[in-house]
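Working notes, beginning with the structure itself.
The values are calculated or read from the model by the stated rules, or taken from the named source; none is laboratory data. Worth saying up front: this structure is predicted, and the values here are computed from it rather than measured. Cβ: placed from backbone, ideal geometry, glycine included. Neighbour counts: every protein chain shown.
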There are 2 protein chains.
Amino acid sequence: MAYQMKRPTLGGLKRYFPILTWGRSYDRDAATSDLVAAVIVTIMLIPQSLAYALLAGLPAEMGLYASILPLVAYAIFGTSRALAVGPVAVVSLMTAAAVGNLALQGTAEYAMAAITLAFLSGLILLVMGVFRLGFLANFLSHPVIAGFITASGMIIAVSQMKHILGIDAHGHSLLEILRSLFAHLGDANLITFAIGAGSVAFLFWVRKGLKPLLLSLGLKPRLADILAKAGPVGAVAVTTLLSWGFDLSSRGVAIVGDVPQGLPPLTMPSFDAELWASLFGSAVLISIIGFVESISVAQTLAAKKRQRITPDQELVGLGASNVAAAISGGYPVTGGFARSVVNFDAGAETPAAGAFTAVGIAGAALFLTPLLFFLPKATLAATIIVAVLSLVDFTILKKTWGYHRADFTAVAATILLTLVFGVEIGVSSGVILSIALFLYKTSRPHIAEVGLVPGTEHFRNINRHDVLTHPELVTLRLDENLYFANSRFIEDYLLDRVGQGQPVKHVVLMCSAVNEIDLSALEALEEINRQLSDMGITLHLSEVKGPVMDRLHRTHFLDELTGQVFLTQFGAMRALGPVDGLKPVLAGDAA
Amino acid sequence: MAYQMKRPTLGGLKRYFPILTWGRSYDRDAATSDLVAAVIVTIMLIPQSLAYALLAGLPAEMGLYASILPLVAYAIFGTSRALAVGPVAVVSLMTAAAVGNLALQGTAEYAMAAITLAFLSGLILLVMGVFRLGFLANFLSHPVIAGFITASGMIIAVSQMKHILGIDAHGHSLLEILRSLFAHLGDANLITFAIGAGSVAFLFWVRKGLKPLLLSLGLKPRLADILAKAGPVGAVAVTTLLSWGFDLSSRGVAIVGDVPQGLPPLTMPSFDAELWASLFGSAVLISIIGFVESISVAQTLAAKKRQRITPDQELVGLGASNVAAAISGGYPVTGGFARSVVNFDAGAETPAAGAFTAVGIAGAALFLTPLLFFLPKATLAATIIVAVLSLVDFTILKKTWGYHRADFTAVAATILLTLVFGVEIGVSSGVILSIALFLYKTSRPHIAEVGLVPGTEHFRNINRHDVLTHPELVTLRLDENLYFANSRFIEDYLLDRVGQGQPVKHVVLMCSAVNEIDLSALEALEEINRQLSDMGITLHLSEVKGPVMDRLHRTHFLDELTGQVFLTQFGAMRALGPVDGLKPVLAGDAA
């Protein structure tokens, strides 16, 4: 069952259309579960769609449009049974950052750029999927993504403060937004603030206090759960009624206003080469971030039911969703964390739940939009703030600090650079830095001098263990692949080590940790062999792995090597240093 | 003796002024050797300096200027006893590529940009030296540099054809230059071609045939050597006389013309921020390429005399040389391969040989320049062509193809991209590609299932060796550091492996090749532990290295681990699978 995707029976067709796999056994039970999940997700998604469109700087209806056709596309092409696709906070923020550089908010160019961004990002995901490039996302390390999401959450929360205060502010980094907020603080509208702050407080209470309260009132857990999830809808309804009843718009409260009624329009992305060129970098970032966010939640949820997802097909699914968004007036979408968890908890069995949700949102677009006219923007901002603050989590800093300084550096830099320079520079720097730190570490490898653990055939670091060594035999364990970036370091280290005056006759390089020797490193080994030979010292290798040995056999190195290649280090010691000549070294002595 | 640089006695002073070390014991013998070497290098350097300036698109005298003060600076700050600094072919070509984008050849702006490039490149080298960033050069792998130099040699040789043919042609890539050459082929000047082709033929003969001839005539080897090295000077003298005697200039032969007589002028680089910004990338490339070229020859020559050089101080030496070039009307310089070998073979004992060479070149600038008026440019082009064709060496392609496909890909791409897009794109792509290939390899690590080699305590791949295994025990050796780029791969691989139906009770991960576990990988291990635990399988580790174990102790992982951590894999097998339950696996069976 878990491997169906990998061994398609209908040629490649089932790989690209997972619906052919799960659709065949779809039955009434599964449909019922999916329908229930769809109702709950729809209730949650309506205010979220509107709010995230606002965050992206787009008209509210584009959020709804992005929650209809993309969900259907994912239901056909996606492999996760529980992933709920649609507009999400971080991608909306990235859309605003990408498009905001090119056009003014509220203009037709701005909306067209967002649509084109979705199209481009869809194409990139599809190409990655077809060429199985999903592994590229692995270079976004977990600490970097955690730091990035935390910083993005902070930026989003602060950016929404303008709606809560009813003032004008803009910017893509924390600093820009804060400066802009302070400059306009005097214009704050008290009624707007009351609605905004009230909604934030209410929504936090709904999260923490409503469900226990409902349970204590005797409601069934399932119903209590649904009601708690409907909190944002409640806030929307109540504040819309207040806004309509007291005509708050005339008192300076910003409202959503006219939202076109009807199904999504058919749209075409722009094919302007210059626009594509300026959006390309952003589209790559959005694709990868969206994919990583989506795949993490999809894998977590699949693991709970012992299911598996196919990452490369997920790329196709998300790519199709984004192309669908682009041709139906939407903007970039991906799998959302909170909403997928809700979908899963509500019992979604197949991607059909997503298709049912699409029907629900389409219904909202058809019938509910007139009711949204008086909805205060502050209420939507409040739902965003409450949603994104759950993303802000600084424990990753503490966790990495305690575990690994390189991880900490990457996460701290990502958070800092995202806050100061915005999302695109932040996450790119995080990726580059984490790769650079990895390369730096491998360029200065750990090299341990080892000795025999008494009573075994095992060798260990002489600085850490009480071991036996032979005075004329130096055994160095190279703890890294040998490649161009560290070959000179290893050459220098070895020649320094044997130049220290001890009457060495044999040097053994223990290669149990060497998985790769590239040409630069081979040349370094040849040089080491030559120079040791000049000093009258024989060079040996031990525990060389099969694939590495295969490569060495293709060269003259083994002919030139002054010593031998031993299968085991124990064999090397037995052959080179008679066991009765061994001297114990206590861990303290050598250090 | 070899370690003096590393343990300075006069505080840090001797680190930055190696002259304080060798200068103290400088005596008459050393001075004599240095003087002889300086005479030979001067004879070789005069035509080279003029020719490389021509290649860089600069007035001939700038080549001489770049061979005076920079040599003195290197004598003070450099650590190599034999390195001969000055204008070199590849760096001259890179200078032309960098400056050619900003100004027209022959203008004052062009010369000023070249001077500024030398200054900037000097600053970059100095900063790298002071902050000990020499290791950065290690990321330029040997195959990439070999491919780059081969491709550059081809571009240079082809670019000089315009002087040999007496036509106009330009461009920075092979394609551009060839296209330009063909377009102007009709304008070729026959007399120019005769001089150029004749010089090329003569110089090749000098290289191959002159020395044996002189030896067979009974000359002493030393004298034969010097005469053979003076070949280019002979070509210069003869063609200048021809050009003067037959007034070839009036017949369309391009001559060097007026070369200002006198010592180098004092110049100031431009401090225009925009110019710096547009030269910065090129300056970084020139610095690193120049440093790598220089350090390779310096290390090779030092090793022959059991001396050592200090790479970080070499950066300071080359940085000082380039700053010296910038303030004395020169352009970027570095240690040249051919000329350093000549210097070494001629017996240079200390960097003072370089200072003596500077005096020689200064003499040439003072007294010889009027004689150069009638020198045909075709002769200089011929000396360049003969010099660079020795750099062109495609054996690196064959060598890498046989040894390692990743090395081959990097070198082939470097050659191809350098030829098609020019030096800057070529070498940058080579570096990025070789790093990307390394990262790709580490992101899909080799994982071997291992068994006990009978009669030993040693474990080996079951697909390659006849070993003993236990049916309920799967031991996987992870042949790579565990880090963010491969943690998902390893998680997928392991969970796939144990899902294959065999009644596994224990999984042991043998970590002898794991030098690093970062946070992303730790989380993957936690997930593997959790999922195996759900399946009723216990997870164990074995042969975890000290530094890795230290890190794991800082987390809760070892508490959560369902199994144990064994010091040796043999211990793990003894504890988990009673030795009498072992079944032999023949290498053929498992594959």
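Between B:129, B:106, B:153, the distinction of being closer than 25 Å to residue B:312 by Cβ and more than 14 Å from every other protein chain (Cβ to nearest Cβ) belongs to B:129 only.
Just one of the listed residues (A:149, A:167, A:155, A:191) is assigned to a loop (DSSP other than H, G, I, E, B) and in the same structural domain as residue A:228 (by TED's automatic domain parsing), namely A:167.
When the helices (runs of 4 or more DSSP H) confined to region B:20-129 are screened for residues that are farther than 30 Å from residue B:370 by Cα, those reaching at least 1 such residues are found at B:28-55, B:69-77, B:89-100.
Candidates in region A:560-577 are the residues that are touching a residue at least 24 places away in the same chain (Cβ under 8 Å) and not hydrophobic (A, V, I, L, M, F, W, C); of these, the one that is nearest to the other protein chains (Cβ to nearest Cβ) is A:568.
Is it the case, given these coordinates, that residue A:476 is within 18 Å of residue A:528 (Cβ to Cβ), at pLDDT 90 or above and surrounded by fewer than 20 Cβ atoms within 10 Å (Cβ to Cβ)? Yes.
Note on region A:311-347: among residues that are outside any helix (DSSP H, G or I) and modelled with pLDDT under 85, the one that is surrounded by the most Cβ atoms within 10 Å (Cβ to Cβ) is A:346. Do you know which of the residues in region A:443-458 that are surrounded by fewer than 18 Cβ atoms within 10 Å (Cβ to Cβ) and in contact with an Asp or Glu (Cβ under 6 Å, 6 or more places away or on another chain) is nearest to the other protein chains (Cβ to nearest Cβ)? Filtering first and then ranking leaves A:457. For region B:556-579, the set of residues classified as of a type in the set (Ser, Thr, Tyr) and at pLDDT 90 or above consists of B:562 only. If you check residue A:488 against the conditions, is it crowded, with 22+ Cβ neighbours inside 10 Å, in a strand (DSSP E or B), free of Cβ contacts under 8 Å to residues at least 60 places away in the same chain and within 10 Å of chain B (Cβ to nearest Cβ)? Here the answer is no, as residue A:488 does not meet what is asked.
Within region A:385-396, is there a residue that is within 28 Å of the chain's Cα centre (by Cα), facing another protein chain (nearest Cβ under 8 Å) and not in a helix (DSSP H, G or I)? No, there is no match, as no residue in region A:385-396 is within 28 Å of the chain's Cα centre (by Cα), facing another protein chain (nearest Cβ under 8 Å) and not in a helix (DSSP H, G or I). Filter region A:542-559 down to residues that are at the interface with another protein chain (Cβ under 10 Å from one of its Cβ atoms), part of a helix (DSSP H, G or I) and free of Cβ contacts under 8 Å to residues at least 12 places away in the same chain and give me whichever is surrounded by the most Cβ atoms within 10 Å (Cβ to Cβ). The selected residue is A:546. Taking the criterion of being surrounded by fewer than 24 Cβ atoms within 10 Å (Cβ to Cβ) and not acidic (Asp, Glu), the residues of region A:98-110 that qualify are A:100, A:101, A:102, A:103, A:104, A:105, A:106, A:107, A:108, A:110. Within region B:355-384, the set of residues being surrounded by fewer than 18 Cβ atoms within 10 Å (Cβ to Cβ) and either basic (Lys, Arg) or not in a helix (DSSP H, G or I) (or both) comprises B:373 only. The single residue among B:539, B:525, B:519 that is at the interface with chain A (Cβ under 8 Å from one of its Cβ atoms), closer than 24 Å to residue A:142 by Cα and modelled with pLDDT of 90 or more turns out to be B:519. Examine region A:265-278 for a residue that is surrounded by fewer than 22 Cβ atoms within 10 Å (Cβ to Cβ), of a type outside the set (Asp, Glu), at pLDDT below 90 and farther than 19 Å from residue A:69 by Cα, and state whether such a residue exists. So far as region A:265-278 goes, no, none of its residues is surrounded by fewer than 22 Cβ atoms within 10 Å (Cβ to Cβ), of a type outside the set (Asp, Glu), at pLDDT below 90 and farther than 19 Å from residue A:69 by Cα. Checked against (1) within 11 Å of chain B (Cβ to nearest Cβ); (2) surrounded by fewer than 19 Cβ atoms within 10 Å (Cβ to Cβ), residue A:510 passes all but condition (2).
Given B:13, B:58, B:104, B:83, which one is modelled with pLDDT under 90 and in the same structural domain as residue B:280 (by TED's automatic domain parsing)? Every option except B:104 fails the conditions.
Just checking, does region B:257-272 include any residue being part of a loop (DSSP other than H, G, I, E, B) and among the aromatic types (Phe, Trp, Tyr)? Yes, region B:257-272 contains at least one residue that is part of a loop (DSSP other than H, G, I, E, B) and among the aromatic types (Phe, Trp, Tyr).
Take the conditions (1) at pLDDT below 90; (2) within 14 Å of another protein chain (Cβ to nearest Cβ); residue A:582 misses just one of them, which is (2).
Scanning region B:459-470 for residues that are touching a residue at least 60 places away in the same chain (Cβ under 8 Å) and at the interface with another protein chain (Cβ under 7 Å from one of its Cβ atoms) yields one hit, B:464.
Within the set B:380, B:417, B:439, the sole residue that is of a type in the set (A, V, I, L, M, F, W, C) and within 26 Å of residue B:521 (Cβ to Cβ) turns out to be B:439.
Sub-9 Å Cβ pairs linking a first residue in region A:204-223 that is of a type in the set (Phe, Trp, Tyr) to a second residue that is part of a helix (DSSP H, G or I), at least 6 apart or interchain, are A:204/A:386; A:204/A:389; A:205/A:231, ordered by first then second residue. Given (1) out of contact with any strand residue (DSSP E or B) (no Cβ under 7 Å at 6 or more places or on another chain); (2) under 25 Å from residue B:57 (Cβ atoms), where does residue B:318 come up short, assuming only one miss? Every listed condition holds for residue B:318 apart from (1). Working only within region B:430-484, note down all residues that are among the hydroxyl-bearing types (Ser, Thr, Tyr), in a loop (DSSP other than H, G, I, E, B) and in contact with a helix residue (DSSP H, G or I) (Cβ under 7 Å, 6 or more places away or on another chain). B:483 - this is the single residue of region B:430-484 that is among the hydroxyl-bearing types (Ser, Thr, Tyr), in a loop (DSSP other than H, G, I, E, B) and in contact with a helix residue (DSSP H, G or I) (Cβ under 7 Å, 6 or more places away or on another chain). Would a scan of region B:520-529 turn up a residue that is on the phi > 0 side of the Ramachandran plot and either β-branched (Val, Ile, Thr) or more than 43 Å from the chain's Cα centre (by Cα) (or both)? No, region B:520-529 contains no residue that is on the phi > 0 side of the Ramachandran plot and either β-branched (Val, Ile, Thr) or more than 43 Å from the chain's Cα centre (by Cα) (or both). The residues listed here are B:301, B:217; of these, the one that is among the aliphatic types (A, V, I, L, M) and surrounded by fewer than 16 Cβ atoms within 10 Å (Cβ to Cβ) is B:217.
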